[in-house]
């Protein structure tokens with residue numbers, strides 16, 4: 001794909017349709033056959049992948065042998081969509097493969113070779129005996145060619161197959177149709193004809209030469225956005241209803257940053273806290289609680305009557321309203337944040353937010369929809385304004401003091417209050433987390449394990465304070481995070497004590513208190 005193609009920004013916008021029952025039935029017939037064909041194409045592509053170790057180039061794929069009531073044009077439209085979905089899935093596996101290698105106990109050389117195999121997608125089939133690896137040497141990148149042993153090839157295959165087993169492959173039972181000019185034609189209304197409708201979609205059906213025309217009303221929000229509508233639409237089935245979305249290529253907006261960076265901590269009460277000390281979306285949780293009460297009550301009623309939630313119109317309406325609220329509120333609050341600060345970079349934790357005060361069902365809905373909408377919004381900011389989005393590992397951001405760096409489970413009293421047991425710093429727990437997220441951006445900790453992150457945080461804390469401002473020993477002794485450090489210090493001085501004569505030993509013997517806080521014995525002169 002060219003750089004120009006990569007830089008293009010697309011939006012998908014719902015246009016209300018006024019198709020009659022007969023037309024919608026024909027659309028559903030196409031959708032059913034499209035999904036069946038998509039599954040058959042996926043089976044064929046996976047067969048190629050496991051035999052040759054990769055998908056073929058899309059222009060070299062021949063699917064004429066795949067039986068379908070779709071026209072050949074329709075089949076190839078379906079092929080490109082399935083191909084993109086499977087390629088995206090493999091890209092996700094590739095990312096997780098790198099994470100496993102980064103966090104492993106393998107030697108540096110073995111890691112570099114496995115990462116190189118991952119880069120060339122040589123998980124299942126790699127016929128060469130050598131591979132090029134890249135290693136950072138100061139500010140420079142060094143390239144060298146090394147041997148690839150059977151050990152590396154077998155380990156790469158083992159890791160890849162493990163990830164395939166852990167991550168469900170895409171299923172195409174409920175796929176939407178992404179249709180281009182090969183099978184659809186989108187046109188604006190003509191003067192003095194059917195003036196009550198703004199757009200028409202001409203769409204091919206299973207009957208050759210018998211397309212149907214779908215009337216649409218304009219989406220005023222989409223119309224106002226700068227850009228150009230494309231001859232491309234998505235046909236989506238949403239709770240049994242067929243929806244039509246038109247794609248618009250958006251124009252990148254001029255954006256002058258006012259600050260270098262800002263970090264946001266995601267929660268539910270409120271939705272966001274910033275490293276600047278803002279709490280944004282304070283009523284968010286109260287609205288979710290109201291949704292939770294309605295959905296839980298409806299679920300109880302359905303269970304008594306032995307009705308599945310998806311078969312109940314009222315339940316589907318509640319879920320649709322929740323989804324719309326999440327999307328609109330997330331967009332509104334992030335837009336407000338951008339308007340106030342205009343940052344060059346936004347630092348966020350890896351997204352995961354839920355509350356023990358909500359039902360399992362609502363937590364799952366919020367988790368699924370909320371994560372999706374926040375990621376989409378941040379991605380759109382990156383595309384439209386060029387804002388850099390940096391994601392960090394959130395390990396211990398809720399337990400670390402943003403003032404002194406002391407890490408302790410007991411620092412966080414509850415979801416709202418944070419009080420450091422070492423320096424006494426008191427602040428809102430989410431604001432403290434946001435400030436830690438900002439600091440964590442310098443750590444580059446996304447690929448580190450929790451244990452590795454903790455080790456770095458403790459070393460930084462002890463190095464920064466050099467003991468003079470350390471907390472009392474009884475606090476450190478009660479903190480399991482410091483047990484390895486305390487044990488190492490104690491062992492070191494016991495060995496030193498035994499090696500010295502008694503008189504010298506008495507002079508240099510130090511208690512843990514004096515080691516950890518050498519300033520405590522000083523008196524003012």
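The values are calculated or read from the model by the stated rules, or taken from the named source; none is laboratory data. None of the values given here were measured: they were computed from a predicted structure. So basically every Cβ, Gly included, is an ideal-geometry build from the backbone, and we count neighbours across all protein chains shown.
Tell me yes or no: at least one residue of region 214-228 is within 29 Å of the chain's Cα centre (by Cα), touching a residue at least 40 places away in the same chain (Cβ under 8 Å) and within 21 Å of residue 85 (Cα to Cα).
no
Does residue 400 satisfy the criteria of being touching a residue at least 24 places away in the same chain (Cβ under 8 Å), surrounded by 21 or more Cβ atoms within 10 Å (Cβ to Cβ) and under 26 Å from the mean Cα position of the chain (by Cα)? Quick ask: steps written out before the conclusion?
Values: touching a residue at least 24 places away in the same chain (Cβ under 8 Å): yes; surrounded by 21 or more Cβ atoms within 10 Å (Cβ to Cβ): yes; under 26 Å from the mean Cα position of the chain (by Cα): yes.
For residue 400, the condition - touching a residue at least 24 places away in the same chain (Cβ under 8 Å), surrounded by 21 or more Cβ atoms within 10 Å (Cβ to Cβ) and under 26 Å from the mean Cα position of the chain (by Cα) - is met.
Of 322, 333, which residue is touching a strand residue (DSSP E or B) at 6+ places or on another chain (Cβ under 7 Å), surrounded by 15 or more Cβ atoms within 10 Å (Cβ to Cβ) and either at negative phi or not in a helix (DSSP H, G or I) (or both)?
Answer to the selection: 333.
One line per residue, one yes/no per condition, for (1) in the same structural domain as residue 295 (by TED's automatic domain parsing); (2) over 17 Å from residue 326 (Cβ atoms); (3) in a loop (DSSP other than H, G, I, E, B):
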position: 346; (1), (2), (3): yes, yes, no
position: 358; (1), (2), (3): yes, no, yes
position: 364; (1), (2), (3): yes, no, no
position: 367; (1), (2), (3): yes, no, no
position: 373; (1), (2), (3): yes, no, no
position: 379; (1), (2), (3): yes, no, no
position: 382; (1), (2), (3): yes, yes, no
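Looking at the structure I just gave you, is residue 234 buried (at least 16 other Cβ atoms within 10 Å of the Cβ) and part of a strand (DSSP E or B)? Before you say what the answer is, go through the steps one by one.
Details: buried (at least 16 other Cβ atoms within 10 Å of the Cβ): yes; part of a strand (DSSP E or B): yes.
Against the criterion (buried (at least 16 other Cβ atoms within 10 Å of the Cβ) and part of a strand (DSSP E or B)), residue 234 qualifies.
Please enumerate the residues belonging to region 341-391 that are at pLDDT below 90, surrounded by fewer than 18 Cβ atoms within 10 Å (Cβ to Cβ), under 20 Å from residue 278 (Cα atoms) and in contact with a helix residue (DSSP H, G or I) (Cβ under 6 Å, 6 or more places away or on another chain).
The answer is 351, and nothing else.
Can you list residue pairs whose Cβ atoms sit under 9 Å apart, with the first residue in region 319-339 being assigned by TED's automatic domain parsing to the domain that holds residue 362 and within 19 Å of residue 358 (Cα to Cα) and the second being modelled with pLDDT of 95 or more and surrounded by fewer than 18 Cβ atoms within 10 Å (Cβ to Cβ)? Count only pairs 6 or more apart in sequence or on different chains.
Pairs that qualify, where the first residue is assigned by TED's automatic domain parsing to the domain that holds residue 362 and within 19 Å of residue 358 (Cα to Cα) and the partner is modelled with pLDDT of 95 or more and surrounded by fewer than 18 Cβ atoms within 10 Å (Cβ to Cβ): there are none.
Could you check region 259-293 and list, in sequence order, the residues that are modelled with pLDDT under 90 and assigned to a strand (DSSP E or B)?
266
Output the residues belonging to region 245-280 that are within 21 Å of the chain's Cα centre (by Cα) and surrounded by 21 or more Cβ atoms within 10 Å (Cβ to Cβ).
Hits for region 245-280 are 262, 263, 264, 265, 266, 267, 271, 272, 273, 274, 275.
Restricting attention to region 402-421, report how many residues are more than 19 Å from residue 274 (Cβ to Cβ) and either at pLDDT below 90 or not in a helix (DSSP H, G or I) (or both). Spell out how you get there, then give the answer.
Start the filter on region 402-421 by keeping residues that are more than 19 Å from residue 274 (Cβ to Cβ), which leaves 404-411, 413-414, 419-421.
Cutting the leftovers down to either at pLDDT below 90 or not in a helix (DSSP H, G or I) (or both) gives us 404-408, 413-414, 419-421.
Qualifying residue count, region 402-421: 10.
Tally the residues that are at pLDDT 85 or above, out of contact with any strand residue (DSSP E or B) (no Cβ under 9 Å at 6 or more places or on another chain) and surrounded by 18 or more Cβ atoms within 10 Å (Cβ to Cβ), restricting the search to region 422-471.
Going through region 422-471 one residue at a time, the tally reaches 2.
Among the helices (runs of 4 or more DSSP H) contained in region 71-184, which hold 1 or more residues that are in contact (Cβ under 8 Å) with a residue 60 or more places away in the chain and in contact with a strand residue (DSSP E or B) (Cβ under 8 Å, 6 or more places away or on another chain)? Spell out the reasoning first.
On the way: elements: 72-102, 108-119, 150-166.
Because the criterion is at least 1 residues that are in contact (Cβ under 8 Å) with a residue 60 or more places away in the chain and in contact with a strand residue (DSSP E or B) (Cβ under 8 Å, 6 or more places away or on another chain), the helices (runs of 4 or more DSSP H) in region 71-184 that meet it are 72-102.
Tell me the residue from 37, 32 that is surrounded by fewer than 15 Cβ atoms within 10 Å (Cβ to Cβ), assigned to a helix (DSSP H, G or I), modelled with pLDDT of 95 or more and over 24 Å from the mean Cα position of the chain (by Cα), please.
Working: 37 fails: surrounded by fewer than 15 Cβ atoms within 10 Å (Cβ to Cβ).
Just a single option satisfies the conditions, and that option is 32.
Condition (residue is in contact with a strand residue (DSSP E or B) (Cβ under 6 Å, 6 or more places away or on another chain), more than 28 Å from residue 115 (Cβ to Cβ) and assigned to a helix (DSSP H, G or I)) applied to region 52-63: is it met by at least one residue? Outline the logic, then answer.
Applying the first criterion (in contact with a strand residue (DSSP E or B) (Cβ under 6 Å, 6 or more places away or on another chain)) to region 52-63 yields none.
Scanning region 52-63 turns up no residue that is in contact with a strand residue (DSSP E or B) (Cβ under 6 Å, 6 or more places away or on another chain), more than 28 Å from residue 115 (Cβ to Cβ) and assigned to a helix (DSSP H, G or I).
Could you check how many residues of region 139-158 are in contact with a helix residue (DSSP H, G or I) (Cβ under 6 Å, 6 or more places away or on another chain) and either closer than 30 Å to residue 39 by Cβ or surrounded by fewer than 10 Cβ atoms within 10 Å (Cβ to Cβ) (or both)?
Adding up the residues that qualify gives 1.
Check off (1) exposed (fewer than 14 other Cβ atoms within 10 Å of the Cβ); (2) in contact with a strand residue (DSSP E or B) (Cβ under 8 Å, 6 or more places away or on another chain) for residue 15 and give me the number that stays unchecked.
(1)
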